[in-house]
Amino acid sequence: MRHASAASLQAAVDAAWSAGVRAFDTARAYGPQPGENERWLRAALGDRPAFVVTKGGMTRSGARWVPDGRAYALADDLDRSTQALGRPPDLWLLHAPDPRVPFRTSVRALAEARASGRVARVGVCNVSLEQLDVALDYGLDAVQVGLSAHDDGPVRDGVVGRCLERGVWLLAHSPLGGPKRAANLINRATVSALLAGVLNHGPVVSVVVGATRAEHAAALGGPLEGAADLRSAFPALRTVADRRVTAPVVDGEVVLLMGLQGSGKSTRAQAWVDAGYVRFNRDVAGGTLRGLAAEVAAALDGGVRRVVCDNTYLTRRSRADVLEVARARGVPVRGVWIDVAPDVAAANVVFRQVEAHGRLLEPAELTGKTNLSLPPSALSRSAREAELPAEDEGFATLERSPFVRAPGQGVPIRVLAPDAALTAGPDTRPTFVVAWSPNGDPPVSPWPTLVCPHGAGPPVCWCRPPLPGLLVLTARRAGGALDQSEVIGGGSAFRKMAAAVGAAWRTLDG
């Protein structure tokens, strides 16, 4: 329960208790200050014997929510939550995975807190199937994810199925679709049916409604029924069992080309198009992956039997719709994952950007609406979130294929870091200097120089070493072939930059 005042939380708790609710969910990060909602909930419950769930591992910085999954930070959060509640929580959850901390480190801290007797039950929130499987190694007790009539992502990515398979308690938050959608559900029967539909996913599923007003909390009492009537209006209410459609395998194939942005999927897809496959690509068609899956379904229903989809498809959730569409029609799916190092993928993104625009885009132009306007942060996030495809998703065949860059066309060039600019001797190759200078002043050099002028902090451009933008732009302007070229000086940043584009690297005296 997340509230703006102690009075509103008190009224909601009283109404929910009268309606028969005996379990309450909160978090240390809720409220105007850390722990405020927990203290309010303690006061609102008084001596009533409720089951209390709270969450740790999240900090607030103004309007930003920042995960903090460090072991000592989690231990401190549990201590403070216990103090605020006046007792240990009945279930303590990791609020969200922290991308800066190995997930296993965070889960181990939960397990250690349980083993020490500081809390009886532990779990995780908002996790992928891969993360859930890590948590299962430590015998967690529960998992909380968003699951509603509008959001069936945890069904599509396999989290709900794994919980059913392993008997893990699953708490579905936002079961009515979040505050904005829930506010429009004024019909008690509709609320009941939607909640029943979420619960219908399986016996281990509970709902965390998130009522913020007394009248909403009071509406939670009574039997939950009628979900079947809403299946057509809310397809997300279909359960794991509903999706396991079987049909005779027909002559045909759906190919899913998967991998990071810049892994060469479009080039690979062309070979299938040349062989008569119909291509479905979101950059070309626009819209969403779910909408694209609907187009694939329409094509298969219209008699098309060979399809290639070359989108990133980095997660089980993003792949699930196409796999379900094909499975329901008996069409086998071939999965092809293109292996590419993130640094090499970054170079490929820049190659395409420079080829398309003749220059590097400025930070304000990197909107991420297409791969040609992808910012560095988006590619880094993709690399963190990627889930390798597995046969249990429904692939008939699955293969992994390495990315291989075609040989460069052009002349060898020499690129110098600033520390080599004044001491490198003459050379028959065209020579350039690349540098990062936030004040915009180029280093002193007898050679033509390209400079990244953008500030410090997380990179907002592709031109700051070790990102490969300046090397790619230099090669384009000079007609150079980077895989025949050499980068000199600059330490590890320039070594990494050279490796991304296939250039040689050495120190000035190497």
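Inter-part distance, region 281-319 to region 42-97, computed on C-alpha centroids, equals 41 Å. Of the trypsin sites (Lys or Arg not before Pro) found in region 60-125, those that fall in a DSSP loop while having at most 12 other beta-carbon atoms within 10 Å are 100. Report, to the nearest 10°, how far helix 289-301 tilts away from the longest principal axis of the Cα atoms in the chain, using its own Cα long axis and a range of 0 to 90°. So the helix axis and the longest Cα principal axis differ by about 90 degrees. Answer rounded, prolate or oblate for region 436-481, using the Cα gyration tensor with square roots of eigenvalues a ≥ b ≥ c: rounded when a/c is under 1.5, else prolate when a/b is larger than b/c, else oblate. Oblate, because a/c is 1.5 or more while a/b does not exceed b/c.
Rounded if a/c is under 1.5, else prolate if a/b is larger than b/c, else oblate: which is the chain, with a ≥ b ≥ c the root eigenvalues of its Cα gyration tensor? The shape class here is oblate. Mean separation of Cα pairs under 8 Å and 6 or more residues apart, divided by the residue count, gives region 398-447 a relative contact order of 35 percent.
Applying the Karplus relation 6.51 cos²θ - 1.76 cosθ + 1.60 with θ = phi - 60° to region 97-102 yields 3J(HN,Hα) values of x, 9, x, 8, 10, x Hz, where x marks Gly and Pro.
Sequence-ordered 3J(HN,Hα) estimates for region 133-138 from the Karplus curve with 6.51, -1.76 and 1.60 and θ = phi - 60° stand at 5, 4, 4, 5, 4, 9 Hz, glycine and proline given as x.
What does the charge add up to near residue 203, with Lys and Arg as +1, Asp and Glu as -1, over the other residues with Cβ less than 15 Å from its Cβ?
In short, +1.
With a Cα cut-off of under 28 Å and a minimum spacing of 8 residues unless on different chains, the lysine pairs in the chain number 5. Phi angles of region 259-271 translate, via the Karplus equation with coefficients 6.51, -1.76, 1.60 and θ = phi - 60°, into HN-Hα couplings of x, 4, 4, x, 9, x, 5, 4, 5, 5, 4, 4, 5 Hz per residue; Gly and Pro are given as x.
For the chain, what does the relative contact order come out to in percent, with C-alpha contacts under 8 Å and a separation of six or more? Relative contact order of the chain: 10 percent. For region 336-376, what class follows from the C-alpha gyration tensor (a ≥ b ≥ c being the square roots of its eigenvalues): rounded when a/c is under 1.5, otherwise prolate if a/b is larger than b/c, else oblate? Verdict is prolate for region 336-376. Once backbone amide H atoms are built at 1.01 Å from N, residue 480 has 411 as its partners under 5 Å, excluding neighbours fewer than 5 places away on the same chain. Each helix, a run of at least 4 DSSP H residues, gives -39500 (n - 2.57); summed and divided by the residues of the chain, these come to -10500 deg cm²/dmol at 222 nm.
Positive end of the dipole of the chain, charges at C-beta (+1 Lys, Arg; -1 Asp, Glu), about the Cα centre: which of 102, 46, 72 has its Cα farthest in that direction? After comparing all options, I get 46.
Here's how it looks for residue 146: its modeled amide H is under 5 Å from those of 126, 173, which are all 5 or more places away or on a different chain. The mean sequence separation of alpha-carbon pairs under 8 Å and at least six residues apart, normalised by the residue count of region 12-156, gives a relative contact order of 18 percent.
The numbers here are math on the coordinates, done by the rules we state, and not lab data. All values derive from a computational prediction rather than experimental measurement. Because the Cβ atoms are built from the backbone with ideal geometry, glycine has one as well, and the counts that use them run over all protein chains shown.
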